[in-house]
Amino acid sequence: MKQSNLKSLQLFSLIALLVLVSCNKDQNKRVTTDEKMSDNILLQKWTGPYGGVPAFDKMQVKDVQSAVEKGMELSLAEIDAITDNKDAPTFENTIEEMERSGSVLNRVFSYYGIFRSNMSSPESRKVQSELAPKLSEYSSKISQNEKLFNRIKTVYDNSQKNPLEADQQRVLELTYKSFEMQGAELDVDKKARYAAINKELSTLYTDFSNNVLHDEENYVTFLNKDQLKGLSEGYIKSAAVSAKEKGQEGKYAVINTRSSMDPFLTYSDERPLRKQVWTNYYSRGDNNDEYDNKKIIEKILKLRRERVELLGYKNYAEWRLQDRMAKTPENAIELMNAVWPAAIARVKEEVTDMQAIADANGDNITIEPWDYRYYAEKVRKKKYDLNSEEVKEYLQLDKLTQALFYTAGRLFNFDFKPVLEGTIPVFQEDVKVWEVTDKDSGEHIGLWYLDPYARTGKRSGAWATTYRSYTTFDGKKTVLASNNSNFVKPAPGEAVLVSWDDASTFFHEFGHALHFFSSKVRYPTLNGGVRDYTEFQSQLLERWLSTDEVINQFLVHYKTGKVIPAVLVAKIKEAATFNQGFSTTEYLASAIMDMKLHLADPANLDVGKFEKETLAELGMPKELVMRHRTPQFGHVFSGEGYATAYYGYMWADVLTADAAEAFKESPGGFYDEETAKRLVKYLFEPRNSIDPAEAYRLFRGRDAKIEALMRDRGFPVKTE
Ligand SMILES: [Zn+2]
């Protein structure tokens, strides 16, 4: 399904720092060494079965700050021990020791991540703002440690003459490169400036997110009873609850977030209110008041440019992309430019269809951005006659969970068994844990934690993370991975029914978990993600939701147990390319903007003007806006996780579409054993231990082709 893209976008909410810790958490993951700690539970060694598990049942937010500080202190002491070593630098006494260091801090981060994403509170957010600049200083202390870098450089130089084993060589090269990219070779003055820039940026990132949050919390649209036309019962109910929480009992609140805005714009019959809700949402961070983000963005862009110029790069994008699969901004831009014309041409067709419906209804309007979702929904109903409520009745959370396990069994040979309740500590009673083993050998692979339901203090969307990653260099460590969603908790004994989109997302996040579980790397660094590659594995897994095997076994009606009718499945598949003009264009406009902002000269850049002019140059259709307008583009400005990297979703989607075709072309289709074996061996197990482009070639016998993506989205494919 083509919405794969959107799905993944939704997972990444505002706090980019937090984002870093989610899909890619394990790049921070270091394992081992068991220190005897104070009585702070967060610092203590994990005990219990399966190689030890986090003491989630005992953690308290009051322990976080001191634990993180102690963790940083210990890890810096470990670095000192490496640099104080009198022996000549070797892979073992330098690189391997670095891989070993930071284990306590990483354990603390597992708890800290829960307090940020799953159980956030005003208290934990306060801790977070206090820790942000300290963590920035901490990482500068390591990345700018001259003695450490000199040792790494010696090992690296030696390896150019006498290469190490392939995976060791890769760890070394990734380590060397990352130090180089972070200013290890700068002189003392430049290093000081480099660290100062990072510290200033970390505060600007926090300010940026807080401003967006402020505007989300403060621009609420309250509705009266007579203004609910078109909205679903479920929406009205939760809007009533939200209004009550905001002290306006008896009214209905449209909160200024995507999950509240999107359905309102899709279903509300009240056009002036749609305009108001739309305006509130797309003006976040852009209200020309003290919470406006434009000046902050201008400062961020200047500081990022100054920082990479210290290192001798022309611009941030060039610096950032060198170790990505795309390698250069030009390659990323080439892909985006290739898709853009088809996307905006499709918007034109969509607008024509929508205008025709509006005219036929006698609505007497011209389609504006706040009308797009509303009329698109009417076109969808008319063209495909697809009722999403009807589809939901066949999508039960329990059955979908079984479908995930079935898919993992067929492709990865994994078996999932629930662990006895009470044997593994959890941070909330709804969190469930399964043991993952190899189906044939019974070998223990890891534990899978699922936190399924929405609650106050849990971040929106869905995400995957690890508490511990697979490594073998210090004895085998098994995987502790989690999936997190925001399904609405049912009354006891009732089924949880989810939308098709949410079911796809559930598969998507499970794809990340499978990527964690299948890791076969020796060193922690090799578990790291490559930003424009790590979404590929998860996007690909979404494809198994609509396979016949899954449909016939697991998509059954929650009351009758009957399999979803073939005609309904056909409608879902037909509607798959629907509204691709809208979703591709809103996404690409943001991705292109991200790149252009970082290629432009930041000296006198006026962000508001730049956004307007760039969109005009692109020929952005006036009926829609960027998915993330610049002043609210948290992926790019509330941290660095997705700066000049937002294109990565489409980059990964090219691989996804192309790899899906590899399965389609196989004799056994999506369950073809040979193709599945190659998939696991080349695209999952190695993680970052081989170059992603090379890994893909090993799987496919060639590079991925963009035509697969065009076909997937229903765009015309040029034939040569
Ligand atoms: Zn993802």
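The values are calculated or read from the model by the stated rules, or taken from the named source; none is laboratory data. Everything numeric in this text was worked out from a predicted model, so none of it was measured. Cβ coordinates were reconstructed from backbone atoms using ideal geometry, including for glycine residues, and neighbour counts include every protein chain displayed. Each accessible area value is taken on the protein alone, full model and side chains, heavy atoms only, with ligands, DNA and RNA left out. Shrake-Rupley method; radii C 1.70, N 1.55, O 1.52, S 1.80 Å.
Summary table below
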{"read-out": "Surrounding net charge for Phe416, when Lys and Arg each add one and Asp and Glu each subtract one, Cβ distance under 12 Å", "value": "0"}
{"read-out": "Which of Thr94, Trp319, Met72, positive extreme of dipole for the chain (C-beta unit charges)", "value": "Met72"}
{"read-out": "Within-12-Å neighbourhood charge of Lys664 [Cβ basis; K, R +1; D, E -1]", "value": "-3"}
{"read-out": "Simple Cβ-charge dipole of the chain, Lys/Arg +1 and Asp/Glu -1, about Cα centre, in debye nearest 20", "value": "400"}
{"read-out": "Heavy-atom SASA rank of Asp269, Asp548, Asp292, Asp215 (probe 1.4 Å, accessible area, largest first)", "value": "Asp548, Asp269, Asp292, Asp215"}
{"read-out": "Sequence of Arg274, Arg678 when ordered by accessible area, the most exposed leading, probe 1.4 angstrom", "value": "Arg678, Arg274"}
{"read-out": "Listed residues Lys190, Lys314 arranged by accessible area, highest first, probe 1.4 Å", "value": "Lys314, Lys190"}
{"read-out": "Spacing of the two label points (7 Å from each Cα toward its C-beta) at Asn288 and Ser259, in nm", "value": "3.4"}
{"read-out": "Nearest-10 value in Å² for the accessible area of Lys58, using the 1.4 Å probe", "value": "120"}
{"read-out": "Estimated [θ] at 222 nm from DSSP helical runs (n ≥ 4, -39500 (n - 2.57)) normalised by residues in the chain, nearest 500", "value": "-16500 deg cm²/dmol"}
{"read-out": "Principal axes of the stretch 667-713: Cα extent on each, largest first, Å", "value": "31, 24, 16"}
{"read-out": "Calculated FRET efficiency for the pair Ala566/Asp398, C-beta based, R₀ 30 Å, to 0.05", "value": "0.85"}
{"read-out": "Nearest-10 value in Å² for the accessible area of Tyr156, using the 1.4 Å probe", "value": "50"}
{"read-out": "Per residue solvent-accessible surface (Å²) - the stretch 450-504, probe of 1.4 Å", "value": "35"}
{"read-out": "Taking N as its residue count, the alpha carbon Rg of the stretch 46-182 over 2.2 N^0.38 Å", "value": "1.23"}
{"read-out": "Segment Thr279-Glu421, extension gain: residue separation times 0.36 nm, minus the distance between their alpha carbons", "value": "46.4 nm"}
{"read-out": "Value of Rg/Rh across the stretch 592-720 [Cα atoms, Kirkwood radius]", "value": "1.08"}
{"read-out": "Folded to 0 to 90 degrees: helix 580-599 orientation relative to the chain principal axis, Cα", "value": "40"}
{"read-out": "Computed E for Leu698/Asp323 - FRET, C-beta separation, R0 25 angstrom, nearest 0.05", "value": "0.80"}
{"read-out": "Rg in Å to one decimal, and Dmax rounded to a whole Å, for the stretch 479-537 via C-alpha atoms", "value": "15.1, 45"}
{"read-out": "Compactness of the stretch 511-621 as Cα Rg over 2.2 N^0.38 Å, two decimals", "value": "1.63"}
{"read-out": "Potential lengthening between Lys677 and Lys302 on full extension [0.36 nm per residue; Cα-Cα distance subtracted]", "value": "130.3 nm"}
{"read-out": "GluC sites (Glu not before Pro) restricted to DSSP loop in the stretch 220-308 with at most 16 other C-beta within 10 Å", "value": "Glu249, Glu290"}
{"read-out": "Tyr384 - accessible surface, heavy atoms, 1.4 Å probe, Å² rounded to 10", "value": "40"}
{"read-out": "Å³ per residue enclosed by the Cα convex hull of the chain", "value": "169"}
{"read-out": "Between 0 and 90°, nearest 10: helix 258-267 axis offset from the chain longest Cα axis", "value": "20"}
{"read-out": "Portion, in percent, of the accessible area of the chain that falls on carbon or sulfur, probe 1.4 Å", "value": "50"}
{"read-out": "Among the listed pairs Lys126/Lys190; Lys237/Lys381; Lys229/Lys612; Lys399/Lys571; Lys191/Lys299; Lys237/Lys622, those beyond 29 Å (Cα-Cα)", "value": "Lys126/Lys190; Lys229/Lys612; Lys237/Lys622"}
{"read-out": "Helix 64-84 vs. the chain, principal-axis angle (Cα, 0 to 90°, nearest 10)", "value": "40"}
{"read-out": "Two-site label geometry, Ala338 and Leu311: point separation in nm, points 7 Å out along Cα→Cβ", "value": "2.7"}
